[in-house]
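Undergrad: Mind looking over this structure? Questions follow.
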């Protein structure tokens with residue numbers, strides 16, 4: 001990973017988010033009661049939009065870094 005390269009971080013966040021979603025789907029097969037629904041509502045549901053906005057922000061920042069790198073190379 002180069003200095004300023006955010007693609008690795010973005011990919012790790014995406015993979016972690018996907019792994020969490022898949023693990024939760026597995027857990028739901030065995031744990032389906034009000035406590036499980038509350039856990040999902042309180043802890044898991046808020047993560048999806050936060051992770052999505054974080055990945056979007058990382059992508060925007062990567063563009064800024066690339067532009068700065070090009071400007072410094074000139």
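Throughout, read-outs are computed from the coordinates displayed, never taken from laboratory work. Please read all numbers here as calculations on a predicted model, not as lab measurements. We place every Cβ from the backbone using ideal geometry, glycine too, and count neighbours over all the protein chains shown.
Undergrad: Mind pulling the angle between the C-alpha long axis of helix 47-73 and the longest principal axis of the chain? Nearest 10 degrees, somewhere in 0 to 90.
TA: Around 10 degrees separate the two axes.
Undergrad: With each run of n ≥ 4 DSSP H residues scored as -39500 (n - 2.57), what mean residue ellipticity at 222 nm is computed for the chain after dividing by its residue count and rounding to the nearest 500 deg cm²/dmol?
TA: That comes out to -25000 deg cm²/dmol.
Undergrad: Another question about this same structure. On a 0 to 90° scale, report how tilted helix 7-28 is relative to the longest principal axis of the chain, with both axes built from alpha carbons and the result rounded to the nearest 10.
TA: In the chain, helix 7-28 runs at an angle near 10 degrees to the longest axis.
Undergrad: Now a separate question. Say we join alpha carbon atoms closer than 10 Å with springs in a Gaussian network model of the chain; which of 35, 57, 19 then has the biggest fluctuation?
TA: 35
Undergrad: Here is a follow-up. Quick check: residue separation of residue 43 and residue 15 times 0.36 nm, minus the Cα distance between them. What number comes out in nm?
TA: This chain segment gains 8.3 nm when fully extended.
Undergrad: Ranking 5, 33 by Cβ neighbours within 10 Å, fewest first, what do you get?
TA: 33, 5
Undergrad: Next up: How much length would be gained if the chain were fully extended between residue 28 and residue 63, taking 0.36 nm per residue of separation minus their Cα-Cα distance, in nm to one decimal?
TA: 8.7 nm
Undergrad: Taking every Cα atom in the chain, find the radius of gyration and the maximum pairwise distance Dmax, and write them in Å.
TA: 17.5, 61
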